[in-house]
Amino acid sequence: MPAPVVARTRAELDAALRGARHDGSTVALVPTMGALHDGHAALVRQARDLGDVAVVSIFVNPTQFGPGEDLEAYPRTPDADLALCEREDVDVVFMPSVEEMYPGGVESSVMVDPGPLGTILEGAARPTHFRGVLTVVAKLFAVVRPDVAVFGEKDFQQLALIRRMVRDLGLDVRIEGHHIVREDDGLALSSRNTYLSAEEHQQALALSRALQAGAAEGAVGPVAVLKTAWDVLGDAPGVQPDYLVLTDAYLGDVPPDFTGEARLVVAAKVGTTRLLDNLPVSLTPPPEGR
Ligand code: PAF
């Protein structure tokens, strides 16, 4: 595979994409914060299928980290990231500096307000997080001008908010989600998994076990789904649950008589690492008489 073109500035990115823009090739973007793993590789493969030109952005975005969060410690592995991009046949890697993305300074930047959806679940624990995420994603859309952008479903609320932003601000980009990629033992892949000790990794498996146990009760109903999932998570050693909720596709509440497709969404701390996971749940009662 030829090595991807690495663009560090907007001007270099424009030069790298000039040909594609001129001949009408479609551009597919995978926004990332680096520390790329097999989950990102799957997003890149989906992007390759969806567009003629695949762009990966690698930028650890300071505005989505709150005070005391892991901005400084966040894993940065640029050489390994570029090697993965080369293996996955990425055309262009955009690796801007903070100054390039926030030319007027981080503190004084215009920011995107995520609205009420940004204040629940992750937003309740991390009040400025989605403001930072939506701002940087909007900036990336402005500079890359992709036809389609691919995001992982592990950050389910993030994906829902990005879809809302695109709809509410009338942005001209298609958003595609990719199902969660897991280790063989069920742990959802995340760049933050590198923080887990071997013991914490074992403890973290309670998240996916709780989701699977809950989802298996889908035919019984929402109350049984949540109770079963909580039975697993609540007793799990080393796990401090933050929330475990059942939502609809737009993060709306699921009433006890809800039928259809829902999501079981969890966040918990294992050691000092905050982990997220979710699973689709089919709340479909069995046919009458069975
Ligand atoms: O999901 C991520 O890695 C980040 O939140 C994103 C979407 C790249 C924005 O910084």
Per the helix-only calculation at 222 nm, which mean residue ellipticity applies to the chain, given -39500 (n - 2.57) for every DSSP H run of n ≥ 4 and division by its residues, nearest 500 deg cm²/dmol? -11000 deg cm²/dmol
Rounded to 10°, Cα long-axis angle of helix 198-215 versus longest principal axis of the chain: 70
For the chain, give the magnitude of the charge dipole about the Cα centre (Cβ charges: +1 Lys/Arg, -1 Asp/Glu; no others), in debye to the nearest 20. 420
When ranked by the protection proxy of mean other Cβ atoms within 10 Å per residue, highest first, what sequence do the peptides 72-82, 55-65 form? 55-65, 72-82
Theoretical gain in end-to-end length, Arg167 to Gln212 [0.36 nm per residue, Cα-Cα removed]: 13.0 nm
Provide the net charge surrounding Val5, with neighbours chosen by a C-beta distance below 13 Å and charges set as Lys +1, Arg +1, Asp -1, Glu -1. -3
Using +1 on the beta carbon of Lys and Arg, -1 on that of Asp and Glu, and nothing else charged, what's the dipole of region 110-202 about the Cα centre, debye to 20? 500
For Ser109, put the label point 7 Å out on the Cα→Cβ axis and report which residues of region 115-133 keep their amide N under 13 Å from it. 129-133
Just want the answer: with Cβ charges of +1 for Lys and Arg and -1 for Asp and Glu, which residue in Val144, Gly66, Ala206 is farthest toward the dipole's positive end in the chain? Val144
Given Val112, Thr247, Thr284, which one lies farthest toward the positive end of the charge dipole of the chain, if we put +1 on the Cβ of every Lys and Arg and -1 on the Cβ of every Asp and Glu? Val112
At 1.567 mPa s and 4 °C, Stokes D of the chain from Kirkwood alpha-carbon radius, µm² per second: 65
Tilt of helix 38-50 relative to the longest C-alpha principal axis of the chain, in degrees (0 to 90, nearest 10)? 60
Please report, largest first and rounded to whole Å, the three semi-axes of the ellipsoid equivalent to region 54-101, where each semi-axis is the square root of five times an eigenvalue of the C-alpha gyration tensor. 24, 13, 8
Pop a pseudo-label 7 angstrom from the Cα along the beta-carbon direction at both Leu205 and Arg87 and give the gap in nm to one decimal. 2.4
Any chance you could give the angle, 0 to 90 degrees and rounded to 10, that helix 156-168 forms with the longest Cα principal axis of the chain? 60
Compute the FRET efficiency between Glu69 and His179 as 1/(1 + (r/R0)^6), taking r as their Cβ-Cβ distance and R0 = 30 Å, and round to the nearest 0.05. 0.65
If R0 = 25 Å, then Thr194 and Ser97, at their Cβ-Cβ distance, give a FRET efficiency to the nearest 0.05 of 0.60
May I ask you to sort Phe151, Phe258 by Cβ crowding, counting other Cβ atoms within 10 Å and putting the fewest first? Phe258, Phe151
Could you state the number of Å between the C-alpha centres of region 123-139 and region 177-207? 23
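None of the figures in this text is laboratory data; all of them are computed from the coordinates on show. The model shown is predicted, which means the values in this text are computed figures rather than measured ones. Virtual Cβ from ideal backbone geometry, glycine too; neighbours counted across all protein chains shown.
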